[in-house]
Amino acid sequence: MTASRLNFQLEATASGSRARATRFRTLHNEVLTPVFMPVGTHATVKAQLTQSLEDAGSQILLANTYHLLLRPGARVFEQMGGIHRFMSWPKSVLTDSGGFQIFSLPHARFMSEEGAVFQSYLDGSTILLSPEVSISTQRSIGSDIMMVLDQCIPSTAGESEARAAMEITHRWAARSLVARGDSAQSLFGIVQGALFENLRRESAEALSAMPFDGFAIGGLAVGEGKSAREDTCAFTADLLPRNLPRYLMGVGTPLDILEAVHRGVDMFDCIIPTQVAQRGGAFTSRGFLQLRRGVYKASDEPLDADCACPTCARYNRAYLHHLTKSKETLGWQLLGQHNIYFYHTLMREIRGSILNDTFLELYHAKRLFLQEDDLDNPVSKQKVKRKKSPPLELGNYAVHIAIEGFASIRHVSSGEIMHSRNHPMDEARQLYTEQANLSERVRVSAGEGENAPLVVWDVGLGAGANAMAAIGCYEAEALRGPVRPMRIISFENDLDSLELAFRHSDKFDYLRHSGPAWILRQGHWQSREHPGLSWELVRGDFLETMETASAAPQVVFYDMFSSKTCGDQWTRDAFARLHAACKGGAAELFTYTCSTAARVAMLAAGFVVARGRPTGEKQETTIAFTSEAWRSPGCAGHEVLGAEWLAKWRRSAAQFPTWVDAAERRAFESLISGHPQFSGRS
C-alpha cells in the first residue's frame, strides 16, 4: 500500500473510549480532528459568508459533485482555477461523489455496472455519472479530498441487495483509483454493507487492500434506528486502519457526533446546522431552542450566554424570534452562524478532552443536555397530527413488503405476489432485459444507420418493473452511442397495480420517472430526451387485444399471473395466437415460469423452447423462439430443450395439461414428439 497523501498522525486515544485526536495535512491546510465539515452543496454553505465560516473555525467544507456537475459544470471550475478561487475559500474542500443524491433525489435514475443514469433536474437531460466521470469532475473542481462513487441503498435493505450494492461499490472504487491517476488530491473509499456485520467486514477488508488516503463509513442515517446506527458505526470503525482518517458520512446532530467520536470516528458532515436555522432552531449550552416559540417574543437575553459567536454577542432572543417569525433571511443567517460556531466549539472541546485524557467525563456531561430542549423554558409536547399516507390497497391489489425489505404488489384474491423473492427491478433486468440482450439490440454500430424500431411487447404490465427496466436500459445505452428506435407496447386489463405502486413511489423508486405518469393518465409516453423511445398501453384482456397492437413484436416479456389465476393465458390457443401475432418474424419470448404445462403449450403453438436463467427460488425459467428467430445466430447461446427433457416429459404425471382432452392425448403426444427441435429439423 502506498503512503497516504495526507501525512496522517494519530496523536491520542482516550482512556475507556475509542475517541481519537488526529491531524493531517491537505493541499491547503492542516486539519485537526475530530472535525465537523459544514455542507456547501452548491459551493456555498447556505446563508453563510466564507469569511464567517473561517472566523467560526471551519477547516473543511463539503461540496457535492452531482450538483456541481450540473451547474456550473466542470469547465467553469477549470477556467476559474478550481473551487477555492471560485468561492473565495482558502482552506480545504471535500467533494462527495454524488452517490447519495442519485439515491435520494426523485428523478429518473437507472443503475448499471457502468454507473448511474439520471435525469437532470435543471433541463431533463439524461446524464451518466460513472466512477470515471465523478473523479474527472472532482479533479476539475479541485477539491482536497475526493470520494469514490458508491451505490447507496437503504440501510434496512436485505442482505442480497446490500451485497450487490457493496460489490459494485468495490468495483467502482477500483475504477475511481485508476481514474485519479497522478493527481495530488486525496481519495477516500466508502465502506458499505447496510447493517450486516459480515458484509461490513468484507467491505472494510476489500477497501483496506486498496491505496486510499482515508475511509468513509457509508450507508448509515438512511433508515436505521439510533442504536443500530451506533452499533454499526462502532463495529465498522474498528475494522478500519488506525493510521488513516475515518469519516462518518451525513451524521448528524451534536449528540450523534459525540456518540460517533466515542466509537472512533474522526470526520463528520451534515446539513443540520443551517437546515434547523432556516426553521428557527438553535443549539445552545442550555439545550435546543426553537425561536418561533412565543416565550422569546420579548426576551432580552442573548441566544446563548456561554457562546462568543457574533450572533450571541450582538443580538437578543426577541430580535431573533422576530426575524424567524417574519421569515427574514437574516434570521436564517444569524442562527446558522451561531449553530456552526456551536458545532466547532464542541469539536474543539472534544479534541481537548481527548488530548487531556478527560474525554469520558466530557462525554457523560455533554450527553445530559445535547439531547434536551430549552432547559430554562421547557417545551410542552403536543400531539402531532400525522399526515395520512396513501392507502396500501387499491382494488384487488395491496403493497407487500418482503422479508428482504423491498416492496412489491400482491394480488389479494389469489395471494400471488409480483416478484416475491427478488427486488422487482433486479428480476426485471436479470430475467427480461439482460436475457433479451436489449443493450445489444438497441445499439447501432458505426456506419450501420439502423432506423427500424425494436418492438417490445410487455405482456402483463403489472407494477411496471419490466417496462421501466427496458426504458432504463435504453437510456443508459443512448449515453454510450447511437441507438435505434424502440417501442414498448404494454398490455394490461387492470391498472390498479401500477396506480397503487405509483402512489407509493417512495417504496417503488423505479417509478420516479415521467413515463408511468403519462401511461396512467394518457396511455402513451414519448421520451423528450430520446425521440426514438416510446411507450404505449393497450388496455384490456390480452387475448382480445393483441391483434389491435400497432406493431408485431421482436421481443416479448410474458409476465402474466400464473395459470392458477390466469389459466386461459397459458394455453396452446393463447400461445398460438401470440405466435401468429409475430407475423412470421423473428421474435423471442421470455417468461418467469418453467412449468411443463406452459412449455408444452408453447411447443404445441409452434415455438422453439429453451431453458432460461434461474431467478429467485426457480432453478430455471423459459425462453421461446419463433422459427425465424431459432435460425438466427443469437439463438445459439441458449440451451434448447432436447431429448432428455422430452423423455422426462413422457414419464411425467403432468404430461398433459388440463386443456388437452383425453381423446386428443395421442395426437398431442405425437405433435410434441415430432416438434422440429426434437427431430433435428429446422
In nm, spacing of pseudo-spin labels at ALA551 and ILE403 (7 Å Cα→C-beta vector): 4.4
For the range 503-533 and the range 317-357, distance of Cα centres in Å: 43
Whole-Hz couplings from phi, Karplus 6.51/-1.76/1.60, listed for the range 409-418; x for Gly and Pro: 10, 10, 7, 4, 5, 9, x, 6, 10, 6
Cα-centre dipole for the chain with unit charges at Cβ (Lys and Arg positive, Asp and Glu negative), debye to 20: 680
Loop-located GluC sites (Glu not before Pro) in the range 420-490, at most 13 other Cβ atoms within 10 Å (DSSP): GLU448
Ranked packing of 35-42, 134-141, 272-279, most packed first, by mean Cβ within 10 Å: 134-141, 35-42, 272-279
Placed amide H near PHE406: partners under 5 Å, 5+ positions off or other chain: GLY158
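Can you sort VAL608, VAL538, VAL261 so the residue with the fewest Cβ neighbours within 10 Å comes first?
VAL538, VAL608, VAL261
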CD proxy at 222 nm, helix term only [per DSSP H run n ≥ 4: -39500 (n - 2.57); per residue of the chain; nearest 500]: -10500 deg cm²/dmol
For the range 276-375, convex hull volume per residue from C-alpha positions, Å³: 83
Sequence-separation-based contact order of the range 174-294, relative, with Cα cut under 8 Å and 6+ spacing, percent: 18
Gap separating the Cα centres of the range 544-562 and the range 398-465, nearest whole Å: 14
Principal semi-axes in Å for the range 616-682 [√(5λ), Cα gyration tensor, largest first]: 24, 17, 11
Top positive-direction residue, dipole computed over the chain with Cβ charges, set GLN275, GLY674, GLN79: GLN275
Convex hull volume per residue for the range 423-641, taking Cα atoms only, in Å³: 122
Listed residues GLY16, VAL379, TRP518: farthest to the positive end of the dipole of the chain (Cβ charges): VAL379
The range 515-621, relative contact order in percent, only Cα pairs under 8 angstrom and at least six apart counted: 20
Equivalent-ellipsoid semi-axes of the chain, from the Cα gyration tensor, Å, largest first: 56, 26, 24
Geometric extent, Cα atoms of the range 222-326 - Rg, Dmax (angstrom): 17.4, 53
Lys, Arg +1 and Asp, Glu -1 on Cβ, resulting dipole of the range 295-355 about Cα centre, debye, nearest 20: 180
Charge-dipole axis of the chain as Lys and Arg at +1 and Asp and Glu at -1 on Cβ define it, positive-most pick from VAL455, LEU495, PHE656: LEU495
Cα centroid of the range 614-682 to Cα centroid of the range 141-197, whole Å: 45
Length-normalised contact order of the chain in % [C-alpha pairs under 8 Å, at least 6 apart]: 10
Peptides ranked, highest mean first, by Cβ atoms within 10 Å: ranges 667-676, 414-423: 414-423, 667-676
The range 345-357 - phi-based ³J(HN,Hα) in whole Hz, Karplus 6.51/-1.76/1.60, Gly and Pro as x: 5, 4, 5, 5, 5, 4, 4, x, 5, 5, 5, 8, 6
Peptides 645-658, 479-492 ordered by average Cβ neighbours within 10 Å, highest first: 479-492, 645-658
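Where a number appears in this text, it was derived from the coordinates with a stated rule and is not lab data. What you see is a predicted model, and the numbers here were worked out from it, not measured in a lab. Because the Cβ atoms are built from the backbone with ideal geometry, glycine has one as well, and the counts that use them run over all protein chains shown.
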